[in-house]
């Protein structure tokens, strides 16, 4: 899409908002053909100093906000982001907040992988960190034997 737009060489370029709009149409169109693309997409970028972050799911439901999540993160990470995110958050504090969200998600779904990468998008371009592992602590007694003090009929 972006390469095709660049070939016109007309001085106009697609920004993240336009690409996100295109992706919502693609996902919604595939849904209507009963052949959805089984993905949730997050698109972020900066154009003319304007930050943009949006998401679209497999049936074309889309929104933009200051923070987005997909899948299980919609249920567990977004409430944390709503409580702790601020407009003037530094990059380092933002990374710590994302690591906290990812740690909560990892503890809730142990089959997930504890490795992640952080991307920083600015007017100058995109920087992607090398993959790294979250520090976790699995020695809680309830993690080792979850039914030891459980009550109930199950």
- To the nearest 10 degrees, how steep is helix 73-84 against the longest Cα principal axis of the chain, on a 0 to 90 scale? 90
- Task: Return the single residue from 62, 75, 20 with maximal mean-square fluctuation; model: Gaussian network over the chain, springs between Cα atoms under 10 Å.
- Result: 75
- If you line up the long axis of helix 91-108 against the longest principal axis of the chain, both from Cα atoms, how many degrees apart are they, to the nearest 10? 50
- Message: To test your reading of the geometry: what angle, between 0 and 90 degrees and rounded to tens, separates the Cα axis of helix 16-32 from the longest principal axis of the chain?
- Response: 70
- Task: Could you compute the FRET efficiency for residue 112 and residue 17, with r as their C-beta to C-beta distance and R0 at 30 Å, rounded to 0.05?
- Result: 0.45
- Query: Which whole-percent values make up P(r) of the chain when all C-alpha to C-alpha distances are grouped in 10 Å steps starting at zero?
  - Reply: 9, 28, 33, 19, 8, 2, 1
- Between the alpha carbon centres of the stretch 71-94 and the stretch 9-55 the gap in Å comes to 22
- Task: Within 10 Å of each residue's Cβ, count the other Cβ atoms and sort 127, 18 from fewest upward.
- Result: 127, 18
- If R0 is 22 Å, what FRET efficiency do you get for residue 26 and residue 98 from their C-beta distance, rounded to 0.05? 0.20
- For the pair residue 50 and residue 87, what calculated FRET efficiency results from E = 1/(1 + (r/R0)^6), where r is the Cβ-Cβ distance and R0 = 22 Å, to the nearest 0.05? 0.95
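Here, each number is a calculation from the coordinates, and none is a lab measurement. Because the structure is a prediction, the values reported are computed rather than measured. With ideal geometry, Cβ positions are generated from the backbone for all residues, glycine too; neighbour counts draw on all protein chains shown.
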